[in-house]
Amino acid sequence: MAKDCISKVELSISCSNLLDKDVGSKSDPLCVLLQSTGGDKWTELGRTERLNNTSSPSFSQRLRLDYAFETVQNLKLGVYDIDNSSSDLSDDDYLGGVELTLGQIVSSKSVTRPLQLKKGKPAGKGTLTVTAEEIKDNRAITLEFEARNLDKKDTFGKSDPFLEFSKKGDDGKWQLVHRTEVVKNNLNPSWKKFCIPLQTFCSSDLERPLKVDCSDYDSDGTHDLIGSFTTKVSELQKAAQGSPVEFDCIHPDKQKKKKSYKNSGVVSVKSCKLVTQYTFLDYVMGGCQINFTVGVDFTGSNGDPRSPNSLHFMSPDGLNQYLSALWSVGLVVQDYDTDKLFPAFGFGAKLPPDFTAAHHEFALNFNPTNPYCQGVEGIIDAYRKVLPQLKLSGPTNFSPLINHVASIATSGAQANNASQYFVLLILTDGEITDLDQTRDAIVRASQLPLSIIIVGVGPADFKAMELLDGDDGVLRSTVGEAVARDIVQFVPYRQFKDAPKEALAKSVLAEVPNQLVSYFKMRGLDPPKPKAANKA
């Protein structure tokens with residue numbers, strides 16, 4: 001996610017049945033929000049007001065923080081009984097706290113937990129309820145402009161006009177917010193319709209002054225001004241009611257020179273519409289579930305798991321690159337799946353008892369009718385159990401697994417609402433055999449509520465994986481059909497080998513929120529109606 005589109009979330013806090021620490025009266029509570037900075041270190045992000053004499057406070061001061069899907073954001077909410085005016089809390093009575101992740105809060109919108117004085121020690125019957133809301137203006141403006149009779153600026157041929165839109169900043173300076181394409185050799189151009197967040201376009205202020213410059217494009221960068229005008233969104237909106245909205249394009253020098261000067265052309269608004277642009281959090285908080293599936297590569301190119309140079313070899317601490325990658329990504333995604341049951345598959349191995357043909361999608365727990373594992377720990381347990389029983393084999397076929405998850409996503413898509421999205425994590429050493437079938441499977445899957453994350457384990461050359469990622473060009477099927485949207489994210493694990501364990505998840509999951517939104521937008525599906533926050 002680009003820095004400028006980090007979501008801000010606002011938490012409101014209430015408690016009930018707080019311990020009474022004050023003799024003869026109830027406590028005077030205040031709540032503090034802390035975020036983990038790793039290890040046992042916490043930084044304070046904010047605190048509510050203090051309320052007097054209540055054991056069931058509802059705090060009006062909301063607490064704001066930045067939200068990022070791709071990291072686990074560990075939070076602690078602590079409630080204190082404040083009996084003095086110092087801001088230092090060490091001399092105040094602790095009434096209990098709650099530790100949870102921001103992902104848990106936004107995925108259920110509202111969470112109630114028992115307060116604890118310390119791990120395992122409840123603070124009486126006290127509970128804390130935290131409710132999240134996203135802070136944003138999710139409106140965008142869609143505009144279409146045309147012009148007529150623009151001045152001719154080029155000696156040979158007509159002008160090549162384009163428009164630039166600027167808003168007046170709080171400092172009074174103009175800030176460029178949008179530039180249209182150039183229409184070549186045309187004094188009566190129509191520009192393409194464009195859509196831009198209202199916050200960007202006019203800082204969400206329909207009365208904020210806007211300046212529009214119409215210029216003639218020159219390839220050497222010395223664009224000539226044809227003329228300008230000022231307006232504001234509330235004026236542009238009149239075009240939506242069907243009344244013509246037109247502006248004289250004025251060149252200040254020409255206006256000064258000539259009494260009879262009228263304009264250098266007329267720019268008119270063909271259409272203007274405010275639309276709602278939904279965010280990832282709109283979908284998640286509306287109750288959209290993210291279903292997480294894992295596929296692990298057990299092909300021969302990984303090397304014999306008993307040999308220390310195999311990618312499946314377990315180091316003395318019980319880990320290897322496959323498990324580290326699974327752990328890093330799984331910990332983030334599991335907060336967004338209420339049942340925490342994850343189907344996990346292996347591919348490319350021969351199975352007991354007869355070890356005949358290689359299987360390309362077998363349940364990691366050897367239970368084909370119920371391939372679900374309980375949480376990330378469950379997947380890791382299944383992997384450790386199954387590893388000694390397999391014969392690594394080949395070829396390395398991705399398409400059976402992708403098609404399997406795609407068929408589940410297809411039934412999810414038939415519900416015609418934004419309630420299900422699927423993420424498939426494939427962990428592989430990258431030596432893919434069925435590249436053509438996989439390309440076709442991905443192109444078909446790009447029409448479905450599905451994102452595919454591929455983590456390349458080991459030292460191989462991952463050229464084929466990079467091709468599937470399609471970042472430097474559009475991925476096409478064998479018959480030339482392009483992906484409907486970008487759904488594959490590939491990362492080589494070795495880039496993160498010495499990085500903190502959160503770094504891998506950050507990198508692979510950063511695209512998922514936009515991929516989810518792009519799918520539901522393509523289908524024209526609004527977020528489910530948010531669940532009413534349950535009042536505790």
Near pairs, Cβ below 6 angstrom, 6+ apart or cross-chain, from region 9-38 (at positive phi) to any residue that is surrounded by fewer than 16 Cβ atoms within 10 Å (Cβ to Cβ) and at pLDDT 90 or above: 17/125
A careful count of residues in region 17-35 that are open to solvent by 30 Å² or more (accessible area, probe 1.4 Å), at pLDDT 85 or above and either assigned to a strand (DSSP E or B) or charged (D, E, K, R) (or both) gives 4
Suppose we keep only residues that are in contact (Cβ under 8 Å) with a residue 24 or more places away in the chain and closer than 21 Å to residue 102 by Cα within region 46-59. Which one would you say is most open to solvent (accessible area, probe 1.4 Å)? 58
Residue identified as among the small types (Gly, Ala, Ser), open to solvent by less than 80 Å² (accessible area, probe 1.4 Å) and under 19 Å from residue 216 (Cα atoms) among 140, 147, 123: 147
Considering region 431-449, residues that are touching a strand residue (DSSP E or B) at 6+ places or on another chain (Cβ under 9 Å) and without any contact (Cβ under 8 Å) to a residue 40 or more places away in the chain, and then whichever is farthest from residue 523 (Cα to Cα), we arrive at 433
When you scan region 201-231, how many residues do you find that are touching a residue at least 40 places away in the same chain (Cβ under 8 Å), open to solvent by less than 20 Å² (accessible area, probe 1.4 Å) and closer than 28 Å to residue 152 by Cα? 7
Does region 451-463 include one or more residues that are without any contact (Cβ under 8 Å) to a residue 12 or more places away in the chain and either among the basic types (Lys, Arg) or open to solvent by 40 Å² or more (accessible area, probe 1.4 Å) (or both)? yes
Unmet criterion (only one of (1) farther than 30 Å from residue 234 by Cβ; (2) without any contact (Cβ under 8 Å) to a residue 24 or more places away in the chain; (3) open to solvent by 30 Å² or more (accessible area, probe 1.4 Å); (4) out of contact with any Gly (no Cβ under 9 Å at 6 or more places or on another chain)) for residue 176: (1)
On the basis of being surrounded by 13 or more Cβ atoms within 10 Å (Cβ to Cβ) and closer than 30 Å to residue 517 by Cα, does residue 12 make the cut? yes
From (1) more than 18 Å from residue 295 (Cα to Cα); (2) open to solvent by 10 Å² or more (accessible area, probe 1.4 Å), pick out the condition that doesn't hold for residue 387. (1)
From 87, 108, which residue is over 29 Å from residue 328 (Cβ atoms), open to solvent by 10 Å² or more (accessible area, probe 1.4 Å) and at pLDDT below 95? 87
Strands (runs of 3 or more DSSP E) wholly in region 232-350 with at least 1 residues that are closer than 30 Å to residue 199 by Cα, open to solvent by less than 40 Å² (accessible area, probe 1.4 Å) and in contact (Cβ under 8 Å) with a residue 24 or more places away in the chain - which ones? 245-248, 266-276, 289-297
Pairs only if they're at least six apart or on different chains, beta carbon under 8 angstrom, first in region 102-120 and farther than 20 Å from residue 20 by Cβ, second in a strand (DSSP E or B) and of a type in the set (Gly, Ala, Ser); list them, first residue then second. 102/132; 105/132; 106/132; 109/132; 110/132
Per-region count, region 403-419, residues touching a residue at least 12 places away in the same chain (Cβ under 8 Å) and either closer than 16 Å to residue 345 by Cβ or open to solvent by 60 Å² or more (accessible area, probe 1.4 Å) (or both): 8
With the requirement that a residue be surrounded by fewer than 16 Cβ atoms within 10 Å (Cβ to Cβ) and in a loop (DSSP other than H, G, I, E, B), what does region 495-510 give you? 497, 498, 499, 500, 501
Quick check: is even one residue across region 452-463 at pLDDT below 85 and of a type in the set (A, V, I, L, M)? yes
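The values are calculated or read from the model by the stated rules, or taken from the named source; none is laboratory data. Quick caveat: nothing in here was measured; it's all calculated off a predicted structure. We place every Cβ from the backbone using ideal geometry, glycine too, and count neighbours over all the protein chains shown. Quick note on the areas: whole protein, heavy atoms, side chains included, nothing else; ligands and nucleic acids left out. Shrake-Rupley method; radii C 1.70, N 1.55, O 1.52, S 1.80 Å.
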